Amino acid sequence: MNANEIIKSIEDAELKQEIPEFRVGDTVKVHAVIKEGNRERIQVFEGTVMKRQGGSNRETFTVRKFSNGVGVEKTWPLHSPHVNKIEVVRKGKVRRAKLNYLRGRVGKRAKVKEVVR
């Protein structure tokens, strides 16, 4: 057994089993575990998925929301133990893999069209 196979087996053990199907442009709620002193609580971060990148256990995703008129972006590892749950609120219709153009937009212009199903 070579080193690559050993690394691959360790990475496969770290993967989460139940990850919802979400893509760039979707609006999601990320339930993240926040540590404050000796207490833990779950904080919900709701926003638009800007990008997904990487693969296997290194995959990350970035979510952007507006908080008090200021754009806030957070990037999480998809298989992190700090990400408790991901809920898809609505599906978005986009034609890009990364939505960096949303950074310069505010208000209605920063919206993504919803997929009608």
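Figures for the structure shown
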quantity	calculated
Test: residue in region 37-44 that is in contact with a helix residue (DSSP H, G or I) (Cβ under 9 Å, 6 or more places away or on another chain), at pLDDT 90 or above and either part of a strand (DSSP E or B) or not charged (D, E, K, R) (or both)	no
Subset of region 83-97 [closer than 16 Å to residue 28 by Cα and either out of contact with any His (no Cβ under 7 Å at 6 or more places or on another chain) or of a type in the set (Phe, Trp, Tyr) (or both)]	83, 86, 87, 88, 89, 90, 91, 92, 93, 94
Whichever residue in region 49-63 is in contact with an Asp or Glu (Cβ under 6 Å, 6 or more places away or on another chain) and not in a strand (DSSP E or B) and, among such residues, is surrounded by the fewest Cβ atoms within 10 Å (Cβ to Cβ)	56
Number of positions in region 64-112 that are assigned to a loop (DSSP other than H, G, I, E, B), loosely packed, with under 13 Cβ neighbours inside 10 Å and among the β-branched types (Val, Ile, Thr)	1
Residues located in region 1-21, provided they are of a type outside the set (Asp, Glu) and outside any loop (DSSP other than H, G, I, E, B)	3, 4, 6, 7, 8, 9, 10, 13
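The values are calculated or read from the model by the stated rules, or taken from the named source; none is laboratory data. Bear in mind the structure is a predicted one, so any value in this text is a computation, not a measurement. Here Cβ is always computed from backbone atoms with ideal geometry, including for glycine, and neighbour counts include all displayed protein chains.
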